[in-house]
Structures are given as structure tokens and as C-alpha cells.
1. Among the numbered conditions (1) of a type outside the set (Asp, Glu); (2) buried (at least 20 other Cβ atoms within 10 Å of the Cβ); (3) within 14 Å of Tyr700 (Cβ to Cβ), tell me where Gly770 comes up short.
2. Tell me the helices (runs of 4 or more DSSP H) entirely within segment 69-184 that contain at least 1 residues that are exposed (fewer than 14 other Cβ atoms within 10 Å of the Cβ), among the acidic types (Asp, Glu) and at pLDDT 75 or above.
3. Being closer than 17 Å to Gly601 by Cα, assigned by TED's automatic domain parsing to the domain that holds His554 and free of Cβ contacts under 8 Å to residues at least 60 places away in the same chain narrows it down to one of Thr710, Thr715, Thr683, Thr661, so name that one.
4. Working only within segment 530-549, note down all residues that are crowded, with 18+ Cβ neighbours inside 10 Å and among the aliphatic types (A, V, I, L, M).
5. Could you go through segment 664-675 and let me know if any residue there is of a type in the set (A, V, I, L, M, F, W, C) and at pLDDT 90 or above.
6. Just to be sure I understand the filter: pairs with C-beta atoms under 8 Å, separated by 6 or more residues or on different chains, first member in segment 473-489 and more than 17 Å from Glu538 (Cα to Cα), second member among the aromatic types (Phe, Trp, Tyr) and at pLDDT 90 or above. Which pairs pass?
7. Filter segment 725-767 down to the residues that are modelled with pLDDT under 90 and of a type in the set (A, V, I, L, M), then identify the one that is surrounded by the fewest Cβ atoms within 10 Å (Cβ to Cβ).
Amino acid sequence: MTKHNFPALIGCKIGDGFVVSFGGPRLKKVVNPCSMGRCQFTFLTGCSGETRVCADDKRKSANRSVMSAKAISEQTGKEFLYKYICTEAAIQNKFRFAQVTAETDFDRLAQEHPWLRTEEEEFYVCIYATREGDYVLFHHEGGVDVGDVDAKAKKLLIGVDEKISEESVKKALLTQASNDKKDDTICDLGGVDELANYGEYSGAPSEQQTYDYAKTILSLMTREKHKDAKATTLFSKHTKSIVWGMQTRAVQGMMDFDYVCSRSEPSVAAMVYPFTSVYDDLVARGVIVPAEEMPPPTVPMDYSWARKPNLILNVDGFIGVAFVDLLRTCGGFTRFLLVQLKDFCGEFLKKKLSLTNCVAVHSLAHMYTLDQLALRAADMIRRNFHKVIQDDEFYTLPFHLVRDWLSDAEITVDSEEVLFEAVVKWVQKNSEDRSRYFEELFRLLRLPQIKPTYLTRIVKNEQLVASNEACLKLVSEAVEGHAIRFENLKSADMELWSSHMASFQPRFGQNMDVIMVVGGVSEGGDYLSECVGYFIYEDRWVNLPHIHNHLDGHAIAATETHVYVAGSMEPGFAKTVERYNPNRNTWEQVSNLTTRKHSFGLTCIKDILYSIGGHGNFSPGFKDVSVYEPEQDKWHNLESAPKILRDVKAISVEDRFVYVTARTPVDTDNDDGLKTVTTRYDTDSRQWQDVDSLPLIDNYCIFQMAVASTNFYHTASCCPKSYTVRDEVARLKISARISDEILESLPPEVTSIEGAAICHFDEDVFIIGGWKNSDDVDKQYRKEAYRYCAERKRWMLLPPMPQPRCRATACHVRIPYRFLYGCQRYPMPQNLARQRDRMQQMQQLHRRTLTLRRQLQSQIEC
């Protein structure tokens, strides 16, 4: 066989399975040269003009399958396509071929078809995958004589998580290609409308199977008329397959190809094994009753009948779970299910995990030993148990799962009262069968955590409790424990009290009421990053995690899930916003404010934060109104207020209206040139309206109005409070006449304090920290904290804070007991620790400088 310079002939099939490859990285030899006499093949030009593809043998081969009922050559197939499929693309005019038989004279062939010898536009391209990514090899001189491409070709590595770009291709690969060919694409050649995806078959199917496959695919593609007379798209990058039979090698090959293509999801959803003998045996014994065969659904297939609410959210999930259930029923799960498929099902359900389906997913994960999924679902249930028990799905759980959850000390609950109501509801869902379990579940409740009045009025009178002597005895012991705890005990009674201590300890996951104090300044002007909290249940202060910024004069607001702090008098932190997650006891930084400011109002309306007004270090004040949407983590500005608002305090009504008290600059003879105003902002219409006062809805509003004209109030921070009353009702409570009865039991010196933090808990009011001016010392920083008890209608002095602080903020938050138990210690954030070290170094340097100056001065004097 004479060697001719015919470039880029790749993948020729010769005779019955013999393969040659011209123009690849290495020239393969013909395995059986004499078979050339029995073969006919064709040189074809593709859409780029000089790409050659060799046609298949025209003869029908008995030992290989083809994509037709009768074997034809690729040349004949291409002729059919171009003859019978109408196209306006320019590529039709570039279809050329040269036929080669055993009698072909290659020299004459080259003369008749000179384009076979051209190599000006022949390129070599190769793409292969490795662990680190995909390598693209390119050489501007292709053809048979390309040589050692590993040494000559340009290489470009596309990392696993990287995207290829046109600029990187031109810079790394096309440096030696002509400029007029660097941008050639199918689109440029006019073939964009003719691009299509195609599917391939494998597994050595029979001729009949091949025919049925092709007929089915073409039937589905042409069932619906396309507007441009083209075939309908059947597959996408999310399409998955179900493999019939234990074709493990085929499945592994598909998964390898998924990796090479950087496919995000496996292309195989399941492997179905016939289980013929097992199935026949189950049918014979009557275990399985075959259903009546239903006609196949129309395309596209509709699986909506098979979707389970909140669990199987799409077709993929149905296929995965249905297949798993099939194998489990047949007893073949662990034997036949691929590890990759099992992991895929677990990962899929992890992504779909939510509060509405976590109970069902947790049960499913245990059923099929999906350990990681079970842990993830259990963690979600544990951290949100107080929300999970509000869903009806919880009350379908069997007894042993309900028992296990009630036995878990880490479940997050609002109170034991809520758990008692959940147990009663679970039993009443099927009282005939579940009543026998009530006593065992009732013993798992921490009754001493329930208020005595609730025990005697609600628990004791519940029919399930009243009819059970053991339960009644437990209630009596809990009430007695409360009496022992709150009475003045003699030393002889301490032994009795110690026996009740364990039962009085809350669950580690129980949400406890805490007054959280954030930021501020301490003695010497030191900023305080450490947060503290007043633990109401135990009447003591606890340490909480540090914030990451120096905050004073900042604003604070609490939503259903987080506590937000924003702004500061410190210029370097005046735009920062952080939020605290009580469920995880952590701080995280979110998107910054649009303006550097402090002393502004911050409140929550419909889960959106509103920032109103404020004051800057070099500004008389702001009219700004901006909103923060947590889901987008972005601030944007709204229409400004009609006047400057600084030292802002805010409350909200009906989750729509914001009532604001603030100070605004006026041309008066006042010492500070500021006037106190009260106004109402409608977040829907964005209209402002002046009013006489805040609505006097409760003690918190009454207290603010009672001190509204004092410097104590102007320099204090007040956390916002939301009221559910209708705005019409709130407006009726606006009054210019304010009673100061709430101040009667408050020590007079408290209202002379500046920079205090004011917050609320139910009907109670808290005053925390601040400083007080005096003659001998400019500022006396205060540790004191006061609480107005609505039940007793008087002020009480609380235990002092661990350290004095002023210009802090405070708010009520519910924190799981696990973060409050014992003595907690938290490290200072690294950025503040480094800043503190730098300040200490500068102070030491300053002291050394002063010492040297004194020494030099004394020497000069001598």
C-alpha cells in the first residue's frame, strides 16, 4: 500500500472490524491488508472544507450492528440527508467526497481531487480528562505528518471548577494560527440552525433492537410539528437513564463520561435487574398480584401522579425512590444497588431537605441506611424541633420515634408546655391505639420546667393525666418542687432541694430568654467586642460570642431568626452590619450600609430591615431611608424622609407602620438647636405623617414618652418593638398627655445617666449601663442594670454587669440553654486581637519616647 499525504483520515472501518487511523497522533497499521480487496470506503469533506471522515463498509456485516435495518455507507447516508432534508445553510454547498475501492489508483485520485492534498487549513485538536481537569491540545499543522503531537502541540488546562473562555483559547492555543481562521465557527459558516444533539446506543444490541431503538427515537422527535420543520429536542444535560440488566461496565463508562463532560449529576438513575425467578415465585405464591398493563403515557411523560408531597419533588426523585423501594421489596438492595446510585439518592434528598419534609426524609434515611442523610435530617429536626411539631407530619410518627425525640435533651423547644401539648395531640390523633403510650411519654417531660399555674390549671385537668394516678403523682411532685425552690428554706431542707435540681435543669436545646448587650465603650475609652447577656431564668450574666467590629452608637433590631447590629461612631466601622444566629450562637458579617452613620433607627417590617435617619461624624444628620433584604443580602435606598432625623427610636405596628421619635435641627434658641419630633411612616405608601406621641400601647411606649424630653432618652439606644394591634387601634392610643407613674419607683439618679441601653421583654423594661457626669471625674461608667417588673409594678436592681459599658445596645433574644450552661469563654476575633496588639505596641513606644525625652531634658538642665 503506497503512502500518500491524505491528511486527517480518522476512524476508518475496514472489512469485518479492522481499523486504521490516518492523521491521528500515531499511524496505525492495517491489521489484515488483504481485506482491502473486500472493502470500499469514501473520503468526505465536512463543513469546514477539509475535515475527512471515512465511510463504513457498504457490505452488510453479520457480526456488527449498524444504525439502520440494512447496512449502508456513510457516503450514501450523507447523500440521503442532503438530498431529502431542505436546508438553507451554506454548508450544503461544501459537501464533497471521493470514493475509494480496491481498484482505485491513488495517484489519479489525487489529481482528480486536489483538495485531498491540501493541509493549509488542517488543525489537530485533542481533549482528554485527568484528575486536575481537562487538557486541550492544539497544533496548527494537522494531517498525517503531524508527528509527535505530545511534544509539538500547545496545551491548555481547564481546571475542574473552571470555565473555558475564548480569550484563553486564543492566547494559549492559537498563537500560530492565521488571524482569519482564529474565529471560524459553525455559526460563521452558516450552520447554526442545523446544529443538533444526538443519542447513541451501546451494549451490542441485535438488528431488531437497533431498528426498534431508531424507530422509537425518530417517532418521538417528529411527533410534534416544529415551527421550522426540525425535530423536537428530547434530551438535555439533566436527562437520566434507567439501565436494563446488570450492565455494570456500561454504567461505569457512562459515569466516566459524565466526569469528562463535567456533568453535575450522574446520567444513570437506576439499574433494573429482571429478577425473573424471584418475581415468578412471588407471583406464584400470591405475594405479588400483577397489575393490569396500562398503555404508555404520551410524551412528555407525566409523573405527577407519583409525586409524594414534600418528599419527591421531581421526576428524578420519584425514579430514585421507586427503584430503591423495588429493590428493597425484592430483598436485593445491598446486593444489587450501586454505591454511586445510593450516594446519588442521598445527595439529592440532602438538597431537597426542608422543615416541611425533614421528618419523612429522616425516616426514609433510616429505612435505607443512608447514614449521612439521616444525620443531616436529624440535625435539622433537632435544631428546629419547636417548628417541626407544628407540622401534621410529626403526628404520623410511630411511638418509638416520638419517644426517641422526647428523650433527646438537645432538641430545640420553646417550653415544656409546648411539648406537653404535642404529646396530648399525638395521642388524640389515634387515642384507641396510642393511649397506652401516654404515661411513658409523659414521664419524659421535664415537669418542673412548667409553670406551677399551668401545672395545676391545664396539665392536672387534662383527661389523660386525670385518669392516670402515676401521672397525677408526677404533677404533684413538680408543684412541690416549685414550692421548695421559691420558699425560704432552712438548712435542713437543702437535701430535699438537691434531689430536685436535676429535674429543674432545662433541656440543652430549650430556648431561654436572655437580654443581650452588644458593643459599647468601657473605662479608658476601650471598645468592647465581647457581648454579654442577662439570663433571666437564672438571674445572672453570661458571656456571649464577640462581635467583629468596634461598635458604639450603633442600632440593633431582632427578626425571627437573627439579631442585627449596624453602624458605629467609630469611622472605620460606621458602615458595618453584623447578625447573630441564636440557634448556632455565632456572628457573621453581611452587606454594609450605604452610608457611614450612627444613632439611627433600625426596625423589621415583613422580614425586611428598615434603616431610618441617623447622624454622621461630619454631618448634621440624615434623611435617608434604606432597606435590607436578607435573601439578597443587599441594601437599597428609598425616598428620603421630609426632614433630618437623628437619635432615632422606632416601634412598628401591624407589620406595616413605623412610629419614630427623633430629634431634628431647627432655628431656635435651644442649646443644641434640636427639636424632638414624633412621626409615622407607612412602608406601603411611603408617606410620612407627624403625630403627637408614640402609641401608648404598653409599658415600653409609656416609659419612652415619659422620658422623651430628657438627655437620658436622647443619648440612649432603644431597641425596636413590633406590635400586632391594628393601626386604627394604635392611633387611638396616641396622646400628648403622658403619665410619669412608671418612673415613681425608679431611682432619680438613673434618669441623669447618658448612653444607656433600653430594651424590653414582654411588658417589662430594662435599663442597662451608661455613664454619669460628675465634678471630680468626667465620666463614671456604670455596671448597673434595672428592670421594671410589670407584675409587681416597680423597678428592681439587677446583678451588675461583668464590666461597665456605655453607648451599647440591648435586645431580648431566645438562646438555647446549651450556650448558657456553665461558664462560657469566647476568644476575641483575630482582626480585633491584631488591632489591640498594634495599639499596645504604639502605647509602649509612646511611653518609651516620653521617658527618653525626660532623660534628655534632665541632662540639658544639668
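The values are calculated or read from the model by the stated rules, or taken from the named source; none is laboratory data. All of these numbers come straight from a predicted model, not from anything done at the bench. Positions of Cβ are backbone-derived with ideal geometry, glycine not excepted, and every protein chain shown enters the neighbour counts.
1. (3)
2. Values: elements: 74-84, 106-112, 149-152, 166-172.
Where helices (runs of 4 or more DSSP H) fall fully within segment 69-184 and carry at least 1 residues being exposed (fewer than 14 other Cβ atoms within 10 Å of the Cβ), among the acidic types (Asp, Glu) and at pLDDT 75 or above, they are 106-112, 149-152, 166-172.
3. Values: Thr710 fails: closer than 17 Å to Gly601 by Cα; Thr715 fails: free of Cβ contacts under 8 Å to residues at least 60 places away in the same chain; Thr683 fails: free of Cβ contacts under 8 Å to residues at least 60 places away in the same chain.
After applying the criteria, what remains is Thr661.
4. Listed by number, the residues that qualify are Val532, Val542, Leu544, Ile547.
5. First pass over segment 664-675, keeping only residues of a type in the set (A, V, I, L, M, F, W, C): 666, 674.
In the following step, the residues that additionally are at pLDDT 90 or above were identified as none.
Checked against the condition, which is being of a type in the set (A, V, I, L, M, F, W, C) and at pLDDT 90 or above, segment 664-675 yields no hits at all.
6. Within 8 Å, the pairs are Leu474/Phe442.
7. The qualifying residue surrounded by the fewest Cβ atoms within 10 Å (Cβ to Cβ) is Ala736.
So that you can scan it fast, the table gives a plain yes or no per residue for (1) within 27 Å of Arg584 (Cα to Cα); (2) surrounded by 15 or more Cβ atoms within 10 Å (Cβ to Cβ); (3) aromatic (Phe, Trp, Tyr):
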residue	(1), (2), (3)
Leu444	yes, yes, no
Thr453	no, no, no
Gln463	no, no, no
Cys471	no, yes, no
